[in-house]
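Colleague: Would you mind keeping the following structure in view while I ask a few things?
The values are calculated or read from the model by the stated rules, or taken from the named source; none is laboratory data. In this text the structure is predicted, and so the values were computed from the model without any measurement. FYI the Cβ positions are ideal-geometry reconstructions off the backbone, even for glycines, and counts take in every protein chain you see.
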Amino acid sequence: MNRQQLLGSAATWFDQGGLLSAMRHRVACPTASDNRPPPEALEAYLTQQMMPLLQPMGFECAVVANPVPGNGPMLIARRIEDPALPTVLSYGHGDTVSGQDASWRQGLSPWTLTVEGDRWYGRGTADNKGQHSINLAALGQVLEARQGRLGYNVTLLLEMGEETGSPGLREICLQQRDVLRADVFIASDGPRVHAAKPTVFLGSRGIINFALRLKSRERAYHSGNWGGVLTNPGTVMAHAVASLTDAHGRILVEGLRPEPPSAEIRAALRGVAIGGDVDDPALNEGWGEPGLSAAERLMAWNTLEVLALGCGAPERPINAIPSAAVAHCQLRFVPGTPWQDLQAIVQAHLNDRGFSDIAVEVIAATPATRLGMDSPWIDWLCQSIERSVNKPVTLLPNLAGSLPNDAFAEILGLPTLWVPHSYPACAQHAPNEHMLASVAREGLLLMSGLFWDLGEADSAPWRTC
Ligand SMILES: [Zn+2]
C-alpha cells in the first residue's frame with residue numbers, strides 16, 4: 001500500500017463507523033477522576049478498552065500504580081520494533097471531569113454517545129478519549145498498510161488523572177525515564193484554533209491559582225453600631241483586587257508582566273483569528289493588554305483572572321460588616337514568567353499599597369513550556385499534515401490553556417508537538433461535550449499520514465535535534 005491508499009482505507013474505516021463504534025464503548029466508561037474514592041472505571045478503561053486494542057498491535061502493556069496514593073493508575077505501552085530504531089512517545093488521558101448528568105440538554109447523557117448531525121455528544125469525546133482514539137486508530141491503519149512494520153518504536157503513556165492535575169505523572173516520568181526514553185513527543189489534546197483549521201501547538205501556557213485572604217476579626221458587627229469605625233474587609237479586598245489589574249484587565253503587578261512577544265512568536269500568530277464559531281462568545285474590544293492582537297493576548301501574554309470573590313453571604317445579605325473576605329485568583333502565563341516567586345511578588349505588591357493584612361496563598365501551579373520555534377520537527381510536521389489534508393496548518397507557539405507538557409519537555413527532555421482534534425466550542429468540562437465527526441475524520445487522515453511519514457527513510461528529523 002502507498003500513502004494515498006493508506007489515507008483511502010483510513011477514510012473507509014471511518015465512514016463505515018469504525019471510530020464511532022470504538023467511541024460508544026469508551027464513552028460508556030464513567031471515568032470521572034474527580035470522584036473520591038476514584039472509581040474502578042479508571043483502571044477498567046486501561047485494561048478493558050486500551051489493552052485489548054494495543055496488545056494485538058504488538059504493544060507490551062504495563063498498568064502502573066499511581067505513586068500518589070488515592071489516584072488512578074497509568075498505562076505504559078511499548079511497541080519496540082528494534083531498539084536501534086528511533087522512538088516516538090505519545091500520551092493521552094482516559095479520565096474525564098464529572099458527568100454533571102443533570103445539566104445536559106434533554107435527550108443527551110454524559111455516558112452514552114449520541115450522534116446529532118456532525119456532533120458526537122458524550123463526556124470525554126473531546127477531552128480526551130476521542131483524541132487518543134483517533135491517534136491509536138491511525139497507528140493501526142499504518143501498521144496494516146505496512147504489514148505490521150512501522151519503521152520506528154512507539155511508547156504510549158496514558159494517565160487517568162489529568163483532570164485532577166495529573167497527580168503522579170511527573171513522578172512516573174522521573175522513575176521510568178529509561179522506559180519512556182524517546183526522540184520526539186507527539187500527542188493530541190486541547191482544541192484546534194478553529195474547527196476547520198488543522199492546528200499544531202508546541203507547548204502550553206502555565207497556570208497558577210492563588211487566594212487573597214483577609215480576616216479582619218472573629219465575627220461580623222452591626223453596620224449601624226460600628227460602621228465607619230471598623231474596616232470593612234469587603235471594601236479593602238475590592239481595592240486590593242483592583243490594584244492587580246486596571247479596569248480593562250491589564251496586569252498592573254510589574255513582576256507578573258511577561259517580556260513582549262518576540263518577533264518570531266508575533267510572526268507565528270499573525271493572522272490567527274480567535275472565536276467566530278457559532279457557539280463562541282463575542283470578544284470584548286478593549287479588554288486585556290493594549291497593543292496586542294487577540295491571539296497574542298491569549299497565547300503570548302499573561303492573564304490574571306478573578307475566579308471567585310467573597311464576603312458576607314451574597315444570597316442573603318445582612319446589615320453587618322463582614323468579618324473576612326477572600327478572592328480566588330489565577331494567572332495564566334507564558335514561559336519566562338517567574339511563577340515560582342508569585343507569592344512573594346503579589347505579597348510585596350499588596351504591602352506597598354497598604355494591603356499588608358491580606359495574605360497571599362498559592363493553591364496549585366503547572367509550569368509553562370514550549371518547544372523553540374527553530375526545531376526542525378515543526379516544518380516537517382506541518383508539511384506532513386498539509387500533504388494529507390491539502391489545507392494550511394495553523395501553528396501556535398503554545399496552547400492558551402494548560403497541559404502537563406513540562407513532564408515531557410523538561411523531565412524527559414523531548415521536543416513536544418501537539419496536534420489537537422477538538423475545537424473551541426466543544427463544551428469541554430461542561431454539559432453537552434461533543435466532538436465533530438468532520439474534524440475526527442480529518443484528524444484520522446492527518447495522523448495516518450503523519451505516522452506513515454515517520455517511518456519513511458530519511459524523512460523525519462529524528463537525529464538532528
Ligand atoms: Zn480537560
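Colleague: Give, as residue ranges, the strands (runs of 3 or more DSSP E) completely inside segment 363-448 that count at least 1 residues that are more than 30 Å from Ser109 (Cβ to Cβ).
Modeller: Per the criteria, 394-396, 416-418.
Colleague: What pairs come out if I take residues in segment 143-166 that are closer than 20 Å to Ala41 by Cα and pair them with residues that are within 16 Å of the ligand (Cβ to nearest atom) and assigned to a helix (DSSP H, G or I) whose C-beta lies under 6 Å away, six or more apart or interchain?
Modeller: Once the first residue is closer than 20 Å to Ala41 by Cα and sits in segment 143-166, its partners that are within 16 Å of the ligand (Cβ to nearest atom) and assigned to a helix (DSSP H, G or I) give Glu159/Leu169; Met160/Leu42.
Colleague: If you don't mind, there's one more thing I want to ask. Would you mind finding the one in Asn35, Asn66 that is polar (S, T, N, Q) and buried (at least 18 other Cβ atoms within 10 Å of the Cβ)? So that I can check it myself, show each step before the final result.
Modeller: Details: Asn35 fails: buried (at least 18 other Cβ atoms within 10 Å of the Cβ).
Of Asn35, Asn66, the one residue that is polar (S, T, N, Q) and buried (at least 18 other Cβ atoms within 10 Å of the Cβ) is Asn66.
Colleague: With the checklist (1) touching a residue at least 12 places away in the same chain (Cβ under 8 Å); (2) assigned to a loop (DSSP other than H, G, I, E, B); (3) away from the ligand (no atom under 16 Å from the Cβ) in hand, flag the one item Asn71 doesn't pass.
Modeller: The number of the failed condition is (3).
Okay, residues lined up against (1) polar (S, T, N, Q); (2) free of Cβ contacts under 8 Å to residues at least 24 places away in the same chain; (3) touching a strand residue (DSSP E or B) at 6+ places or on another chain (Cβ under 6 Å); (4) within 16 Å of the ligand (Cβ to nearest atom):
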position: Thr369; (1), (2), (3), (4): yes, no, yes, no
position: Asp379; (1), (2), (3), (4): no, yes, no, no
position: Thr394; (1), (2), (3), (4): yes, no, yes, no
position: Ser402; (1), (2), (3), (4): yes, no, yes, yes
position: Ala440; (1), (2), (3), (4): no, no, no, no
position: Leu446; (1), (2), (3), (4): no, no, no, no
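Colleague: Return the total of residues in segment 131-165 being part of a helix (DSSP H, G or I) and away from the ligand (no atom under 12 Å from the Cβ). Break it down into steps so the answer makes sense when it comes.
Modeller: Let us first name the residues in segment 131-165 that are part of a helix (DSSP H, G or I), namely 131-145, 162-164.
So of that shortlist, the ones also away from the ligand (no atom under 12 Å from the Cβ) come out as 132-145.
Total meeting the criteria: 14.
Colleague: For Leu113, are the conditions met, namely being out of contact with any helix residue (DSSP H, G or I) (no Cβ under 6 Å at 6 or more places or on another chain), away from the ligand (no atom under 16 Å from the Cβ) and touching a residue at least 40 places away in the same chain (Cβ under 8 Å)? Even if it seems obvious, please write down each step before you answer.
Modeller: Details: out of contact with any helix residue (DSSP H, G or I) (no Cβ under 6 Å at 6 or more places or on another chain): no; away from the ligand (no atom under 16 Å from the Cβ): yes; touching a residue at least 40 places away in the same chain (Cβ under 8 Å): yes.
No.
Colleague: Only one of (1) over 28 Å from Leu381 (Cβ atoms); (2) within 14 Å of the ligand (Cβ to nearest atom); (3) of a type outside the set (D, E, K, R) fails for Thr125. Which number is that?
Modeller: That leaves (1) as the condition not met.
Colleague: Out of the residues in segment 167-179 meeting the condition of being in contact with a helix residue (DSSP H, G or I) (Cβ under 7 Å, 6 or more places away or on another chain) and surrounded by 15 or more Cβ atoms within 10 Å (Cβ to Cβ), tell me which one is farthest from Pro69 (Cα to Cα). Please lay out each step first, then the result.
Modeller: Taking segment 167-179 first, the residues in contact with a helix residue (DSSP H, G or I) (Cβ under 7 Å, 6 or more places away or on another chain) are 169-170, 173-174.
If we keep only those that are surrounded by 15 or more Cβ atoms within 10 Å (Cβ to Cβ) as well, we get 169-170, 173.
On the way: Leu169: 12, Arg170: 14, Cys173: 16 Å.
So the residue we want is Cys173.
Colleague: Can I ask one more? Farther than 24 Å from Gly17 by Cβ, more than 16 Å from the ligand (Cβ to nearest atom) and either in contact with an Asp or Glu (Cβ under 7 Å, 6 or more places away or on another chain) or assigned by TED's automatic domain parsing to the domain that holds Arg24 (or both): is that true of Gln106 in this structure? Lay out the reasoning, then the answer.
Modeller: Numbers: farther than 24 Å from Gly17 by Cβ: yes; more than 16 Å from the ligand (Cβ to nearest atom): yes; either in contact with an Asp or Glu (Cβ under 7 Å, 6 or more places away or on another chain) or assigned by TED's automatic domain parsing to the domain that holds Arg24 (or both): yes.
In short, yes.
Let's see how each residue does on (1) on the phi > 0 side of the Ramachandran plot; (2) within 20 Å of the chain's Cα centre (by Cα); (3) outside the structural domain of Val229 (by TED's automatic domain parsing):
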site	(1), (2), (3)
Ser293	no, no, yes
Gly310	no, no, no
Pro314	no, no, no
Ala324	no, no, no
Cys329	no, yes, no
Ile345	no, no, no
Ala348	no, no, no
Ser384	no, no, yes
Arg387	no, no, yes
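Colleague: Among the residues that make up segment 305-323, is at least one of them in contact with an Asp or Glu (Cβ under 9 Å, 6 or more places away or on another chain) and more than 27 Å from Asn398 (Cα to Cα)?
Modeller: Of all residues in segment 305-323, those in contact with an Asp or Glu (Cβ under 9 Å, 6 or more places away or on another chain) come to 323.
Now restrict to residues that are more than 27 Å from Asn398 (Cα to Cα): 323.
The answer is yes, given that some residue of segment 305-323 is in contact with an Asp or Glu (Cβ under 9 Å, 6 or more places away or on another chain) and more than 27 Å from Asn398 (Cα to Cα).
Colleague: Hey, Trp418 hits all of (1) surrounded by 21 or more Cβ atoms within 10 Å (Cβ to Cβ); (2) over 26 Å from Val439 (Cβ atoms); (3) in contact with a Ser or Thr (Cβ under 7 Å, 6 or more places away or on another chain) but one; which does it fall short on?
Modeller: Of everything listed in (1) surrounded by 21 or more Cβ atoms within 10 Å (Cβ to Cβ); (2) over 26 Å from Val439 (Cβ atoms); (3) in contact with a Ser or Thr (Cβ under 7 Å, 6 or more places away or on another chain), Trp418 misses just condition (2).
Colleague: Quick one: is Ser459 touching a residue at least 24 places away in the same chain (Cβ under 8 Å) and either within 16 Å of the ligand (Cβ to nearest atom) or assigned to a helix (DSSP H, G or I) (or both)? Write out each step before concluding.
Modeller: On the way: touching a residue at least 24 places away in the same chain (Cβ under 8 Å): yes; either within 16 Å of the ligand (Cβ to nearest atom) or assigned to a helix (DSSP H, G or I) (or both): no.
Judged against the criteria, Ser459 is not a match.
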